[in-house]
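The values are calculated or read from the model by the stated rules, or taken from the named source; none is laboratory data. It should be emphasised that the depicted structure is a prediction, and the values quoted were computed from it without experimental measurement. Using ideal geometry, Cβ is built from the backbone for each residue, glycine included, and neighbour counts are taken over all protein chains shown. In case anyone asks, the SASA skips ligands and DNA or RNA and just uses the protein heavy atoms, side chains included. Shrake-Rupley method; radii C 1.70, N 1.55, O 1.52, S 1.80 Å.
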Amino acid sequence: MSRIGRMPIEIPAGATVSLGDENHVTVKGPKGTLEKSFDKAMSISVEGNQVVVTRPNDLKRNRALHGLTRSLIFNMVTGVTNGYKKELEINGVGYRAQKQGKKLVLSLGYSHPVEMNDPEGITTTIEGNKIIVTGINKEHVGQFAAEIRIKRPPEPYKGKGIRYVDEVVRRKEGKTGKK
């Protein structure tokens, strides 16, 4: 049996999980509401203050869906109670980030400033050379952080670019002269 899938999900105080028809799960919490429909093969039930996901049989597809379904519901519960946060760091001479309303304006050494609008449910803040992306949906927070990073990925020679705070960029040695 799936080690992750068989663990029950604790519903913290202040959050509610409701099941609709055809495995439509709605999670409400202090930070907002998330909804998602899951595969009909999985059986999802709310028992007291726990959510339990079970699978009908041991087919490979059902084993894969079991852990996935449990993880996605857990991420929804965590998102509406605590939220998610990704931190990016800008390194490089003249590389800057500014906030103009709901627009993130990046100066990344191109001939023009790169402008990105905050998607719905996502907020970005700037602290010095850090960009902090926050929201309740883990998938959307990670996707928007990746879209920001791809505008100028870190390069291995000088280390310039946008990287995650916990990311390690392997540095390379530059060219050497003739011998």
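Do we find a residue being closer than 14 Å to residue 152 by Cα, without any contact (Cβ under 8 Å) to a residue 24 or more places away in the chain, in contact with a strand residue (DSSP E or B) (Cβ under 8 Å, 6 or more places away or on another chain) and hydrophobic (A, V, I, L, M, F, W, C) anywhere in the stretch 112-128? No: zero hits. Only a single criterion out of (1) open to solvent by 50 Å² or more (accessible area, probe 1.4 Å); (2) touching a Pro at 6+ places or on another chain (Cβ under 9 Å); (3) of a type in the set (D, E, K, R) is not satisfied by residue 163, namely (1).
Scan the stretch 15-39 residue by residue and report those that are within 15 Å of residue 72 (Cα to Cα), within 18 Å of the chain's Cα centre (by Cα) and not polar (S, T, N, Q). Selection gives 27, 34, 35, 36. Look at residue 69 and say whether it is farther than 30 Å from residue 130 by Cα, in contact (Cβ under 8 Å) with a residue 60 or more places away in the chain and among the hydroxyl-bearing types (Ser, Thr, Tyr). In short, yes.
Given the structure, is residue 26 without any contact (Cβ under 8 Å) to a residue 12 or more places away in the chain and polar (S, T, N, Q)? It is true that residue 26 is without any contact (Cβ under 8 Å) to a residue 12 or more places away in the chain and polar (S, T, N, Q). The residues in the stretch 134-158 that are touching a strand residue (DSSP E or B) at 6+ places or on another chain (Cβ under 6 Å), open to solvent by less than 50 Å² (accessible area, probe 1.4 Å) and more than 30 Å from residue 35 (Cα to Cα) can be counted, and the count is 1.
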